[in-house]
Amino acid sequence: MRHPLVWTGLVALLLAACGPGGGGGGGGGPTGCSLSGSIAGSVTLDPTNCNPYRVTGDLTVEDGGRLVIQPGTTLEFAQDTGLYVQGHGALVAVGTASDKILFTGASQVRGYWNGIVFEQDANSFDNELKYAEIAYAGADQRWSGTSYGYYKAALDLQARARLKMTYSTVRESAGSGVYVDRATFGADDLRDGDFAHNTLTQNAGFPVLLYANEVGFLDASNDFSGNDAGYDYVRLSGSYDYVQTQTWQKLNVPYRVLGEVSVDDQQTLTIAPGATLVFEQDAALWAYGVNSALKAVGTAAEPITFTALQPQKGYWYGLVFNDTNSADNVLHYVVVEYGGAETNPELKANIAVISSGNASSQWIEIKNSTIQHSSGHGISVAQETTYNADITTSNSFADIDGDDFHVQP
């Protein structure tokens, strides 16, 4: 006996029972139910009704709609189809460790289906993926309009979208695993474990593409390794927003920085011990403005590394402290190398402290660090900079084309 689909207020959702024998496991009920169209009310997919559910056309959760997927449910997507969430519509896919929810392609081919897209302003506080798996997606080439240009991703969070994602897997994407465009993880703006214990692996691109101010959402418990050669990085861009106060944790892959990342006025970016930041050509990391701060305090066992994608002097600009006298501008047990892309010979350095000519003093403390392979100076500071008295003796300098320590005229 076929059980009915549990639903209320459904608009334009096509459900067809194709009879038993359609494949899939779990639930003990008949298989082969087909889905497509729009959800404007509340729909629950239960594996005791159908497993797998076959998505034969795009499935859209409209503003005000709600799609709840029960543990153990499988959704198989036809070629070039996807699942889209709009406005205050909600996708709630909460499985368990023993009964995960699977979103997959009808064929196990990378890029067979588009993936899951939380569209612009899809910001329901109920959006959640837990113990869910997204496989063989990433067919749709989308346009970011910014640093990333055209991209593919299995899970796409557009501007001001919202999602809590834990204990979930994204694998075998034809592009990146997850793309995040100024979105929020969880029911608030706190970086408190709402993107945690996930595995993003075996993807053709980066496990995560995102913008700098969202990086603090990434918990150290995630596994970002095992993607195609050359893509085991969390890639971040400095476009759009200044970075607000947050911590970039030590991940199991390096961060890869595109463009110039700037910390906002009165905000502090903290880099955790053991983290590695790899900078693309002409990239930079700035503490920019009054009381903005970059705090990178490593340890002897876990230094923090700021390096270049290619080991060439002057490949990236370096660390820049501009008009900031925050006491949190501290670099301990860091390695900074291959900087010095700046054309101004006074500011050309792995680490530069610069002034726009205002009356405020600049402040920095650098200890127990290695400064090396610069096409300019090792450290260059503005005249009014206050710095630790042992800055030249407590740090190691090597292969510096200019001065190890330089005071600008």
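The values are calculated or read from the model by the stated rules, or taken from the named source; none is laboratory data. Bear in mind that the values here come from a model prediction, so they are computed numbers and not experimental data. Here Cβ is always computed from backbone atoms with ideal geometry, including for glycine, and neighbour counts include all displayed protein chains. Surface accessibility is based on the protein's heavy atoms, side chains included, excluding ligands, DNA and RNA. Shrake-Rupley method; radii C 1.70, N 1.55, O 1.52, S 1.80 Å.
Conditions tested, residue by residue: (1) open to solvent by 50 Å² or more (accessible area, probe 1.4 Å); (2) part of a strand (DSSP E or B); (3) in contact with a Ser or Thr (Cβ under 9 Å, 6 or more places away or on another chain); (4) touching a residue at least 40 places away in the same chain (Cβ under 8 Å).
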site: LEU67; (1), (2), (3), (4): no, yes, yes, no
site: PRO71; (1), (2), (3), (4): no, no, yes, yes
site: LEU75; (1), (2), (3), (4): no, yes, yes, yes
site: LEU83; (1), (2), (3), (4): no, yes, yes, no
site: GLY87; (1), (2), (3), (4): no, no, yes, no
site: ALA93; (1), (2), (3), (4): no, yes, yes, no
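How many residues are outside any strand (DSSP E or B) and either free of Cβ contacts under 8 Å to residues at least 24 places away in the same chain or charged (D, E, K, R) (or both) when one looks only at the range 389-409? Residues flagged as outside any strand (DSSP E or B) and either free of Cβ contacts under 8 Å to residues at least 24 places away in the same chain or charged (D, E, K, R) (or both) within the range 389-409 amount to 7. Checking every residue in the range 134-152 against the condition of being modelled with pLDDT of 95 or more and either open to solvent by 50 Å² or more (accessible area, probe 1.4 Å) or under 20 Å from ASP63 (Cβ atoms) (or both) gives at least one match.
Rundown of residues vs (1) touching a Cys at 6+ places or on another chain (Cβ under 6 Å); (2) open to solvent by 60 Å² or more (accessible area, probe 1.4 Å); (3) of a type outside the set (Val, Ile, Thr), yes/no style:
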| residue | (1), (2), (3) |
| --- | --- |
| ARG235 | no, no, yes |
| VAL243 | no, no, no |
| VAL261 | no, no, no |
| THR268 | no, no, no |
| ALA275 | no, no, yes |
| GLN281 | no, yes, yes |
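Is it true that GLU342 is in contact with a strand residue (DSSP E or B) (Cβ under 9 Å, 6 or more places away or on another chain), charged (D, E, K, R) and closer than 20 Å to VAL261 by Cβ? Spelling it out, GLU342 is indeed in contact with a strand residue (DSSP E or B) (Cβ under 9 Å, 6 or more places away or on another chain), charged (D, E, K, R) and closer than 20 Å to VAL261 by Cβ.
When the range 159-177 is limited to residues that are assigned to a loop (DSSP other than H, G, I, E, B) and open to solvent by 30 Å² or more (accessible area, probe 1.4 Å), the one that is farthest from VAL109 (Cα to Cα) turns out to be ARG160. Within the range 301-356, the set of residues being at positive phi and either in contact with a Pro (Cβ under 8 Å, 6 or more places away or on another chain) or part of a loop (DSSP other than H, G, I, E, B) (or both) comprises GLY314, ASP323, TYR333, TYR338, GLY340. The single condition among (1) assigned to a loop (DSSP other than H, G, I, E, B); (2) open to solvent by less than 20 Å² (accessible area, probe 1.4 Å); (3) within 22 Å of LEU236 (Cβ to Cβ) that ARG182 does not satisfy is (2). Of everything listed in (1) more than 20 Å from LEU155 (Cα to Cα); (2) without any contact (Cβ under 8 Å) to a residue 60 or more places away in the chain; (3) crowded, with 21+ Cβ neighbours inside 10 Å, the single unmet condition for VAL297 is (3). Taking the numbered list (1) closer than 21 Å to ASN322 by Cα; (2) open to solvent by 10 Å² or more (accessible area, probe 1.4 Å); (3) assigned to a strand (DSSP E or B) in turn, ARG256 passes all entries but (1).
Please enumerate the residues belonging to the range 44-65 that are open to solvent by less than 20 Å² (accessible area, probe 1.4 Å) and either within 30 Å of the chain's Cα centre (by Cα) or of a type in the set (Ser, Thr, Tyr) (or both).
Listed by number, the residues that qualify are LEU45, TYR53, VAL55, GLY57, LEU59, VAL61, GLY65.
Among the residues of the range 45-65, which ones are outside any loop (DSSP other than H, G, I, E, B), among the polar types (S, T, N, Q) and over 25 Å from ARG162 (Cβ atoms)? Answer for the range 45-65, where residues must be outside any loop (DSSP other than H, G, I, E, B), among the polar types (S, T, N, Q) and over 25 Å from ARG162 (Cβ atoms): just THR56.
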